[in-house]
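Read through the structure below, which is laid out as structure tokens, and then see the notes.
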Amino acid sequence: MRYSKAIKEIRAFNRFYTNILGLVDRHILDSPYSLTEARILFEIFHNRNCSARKINNLLRVDEGYLSRTIDKLIKQDLITKKQSRKDKRVFILSLSKKGEDEFLKLNKASEVSIESMIDHLAPDEVDEIESTMHRIEELLTRKGGSQAITLEDISIRNTMIPGDLGYVVYLHGLLYGIEYDYGIEFETYVAHGLYEFFQNYDQKKDRVWICEHDKRMVGFLLLMHRDNNTAQLRYFLIVPEYRGIGLGKKLMELFLDFLHRCHYQSAYLWTTHELYTAASLYTRYGFELTEEKESNAFGKLLREQRYDLIVG
């Protein structure tokens, strides 16, 4: 890998920085709010005529999760929802008086927290941090400027290289922790399943699809052979900023193509009731819900769901 050292350093810095800001905690700044909830309040405060779609474009989180979070904030009397005069299909979100007060408290706490973090530094050192942050933002957003990422920008490979499995575990633990509040149990579940996949890997029966953009993994899916000429779909994941460009549909088409080429008779997958968007995609390609069971295997109470597909 061309930038393996840089990738390791950036990942190490990400861990350091999220720890400093307390972003790995369920709640931030000693408040009752999650990171996503705080970001929603922030975006509504700073954006007039803010809709759920606009927030989703900014945050790139699962639509179902975002909808549930907004409903929760409405019930807590933090935000209000009003139908747009220009488009009756759109609802405009605003902060209530209580919501604005809560946001201002969060904002002040954030300022105090950051000030305490840099208070011991000399003025020129603070200036150096500020200029370095501006430079990092400039470099990482320079390619394409405001040009949107398209499906053609993504490369997909089918061979695994050192670091892939660990990074897939990391992405699942991070994203599902942030978006669905899954615990460390889910990360260990993914790690165990990937180990099982690697131990039983057969290149004629199994397949991985590793999606990359600028040498960074942005999506993942695997097909794992099972008994009775059945395949299992596992670990379907797309990082937030690459959702909505057709990558999920592309991966499903690649999965089904390999399924047919290998003459599998059926396929199945396990998911949870909270993953509405993913379930919609599965059913669009012929999978049907066949089983549900209550579970707390991932650190919270939820319903695990099995979807099956008969290959015609």
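Values for this structure:
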item: Surface per residue (accessible, 1.4 Å probe) for segment 189-281, Å²; result: 45
item: Phi to ³J(HN,Hα) by Karplus 6.51 cos²θ - 1.76 cosθ + 1.60 over segment 297-308, Hz, x for Gly, Pro; result: 5, 10, x, 7, 6, 7, 10, 7, 10, 10, 10, 10
item: Aspartates and glutamates whose Cα lies under 14 Å from that of residue 108, excluding same-chain neighbours fewer than 8 positions away; result: 30, 100
item: Structure-based [θ]222 nm, the chain - -39500 (n - 2.57) summed over DSSP H runs of at least 4, per residue, nearest 500; result: -15500 deg cm²/dmol
item: Cα convex hull volume per residue for segment 144-280 (Å³); result: 122
item: Cβ-derived FRET efficiency at R0 41 Å, residue 128 paired with residue 67, nearest 0.05; result: 0.45
item: Built amide H within the under 5 Å cut-off of residue 182, gap 5+; result: 177
item: Phi to ³J(HN,Hα) by Karplus 6.51 cos²θ - 1.76 cosθ + 1.60 over segment 160-167, Hz, x for Gly, Pro; result: 8, 10, x, x, 4, 5, x, 6
item: For segment 239-255, Karplus couplings with θ = phi - 60° (6.51, -1.76, 1.60), whole Hz, Gly/Pro x; result: 5, x, 6, 10, 7, x, 10, x, 5, x, 5, 4, 5, 5, 5, 5, 4
item: Magnitude of the charge dipole, the chain, Cβ model with Lys/Arg +1 and Asp/Glu -1, debye to 20; result: 1200
item: Rounded to 5, the percent of DSSP beta bridges in the chain classed as antiparallel; result: 95
item: Distant-in-sequence amide H partners of residue 272 (H built 1.01 Å from N, under 5 Å); result: 305
item: Two-decimal Rg/Rh across the chain, once Rg and the Kirkwood Rh are taken from alpha-carbon atoms; result: 0.98
item: Given 8/250; 75/250; 8/98; 8/105, the pairs whose alpha carbons are separated by over 31 Å; result: 75/250; 8/98; 8/105
item: Segment 100-251, dipole about Cα centre (Lys/Arg Cβ +1, Asp/Glu Cβ -1), debye to the nearest 20; result: 1400
item: Cα point-scatterer Debye curve for segment 46-96, base-10 log of I(q)/I(0) at q = 0.29 Å⁻¹; result: -1.27
item: Degrees between helix 123-142 axis and first principal axis of the chain (Cα, 0 to 90, nearest 10); result: 40
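The values are calculated or read from the model by the stated rules, or taken from the named source; none is laboratory data. Owing to the predicted nature of the structure, the values given are computational and were not obtained by experimental measurement. For neighbour counting, all protein chains shown are included, and Cβ atoms are generated from backbone atoms with ideal geometry for every residue, glycine included. The protein model used for the area step is the full one, side chains on, heavy atoms only, and it has no ligands, DNA or RNA in it. Shrake-Rupley method; radii C 1.70, N 1.55, O 1.52, S 1.80 Å.
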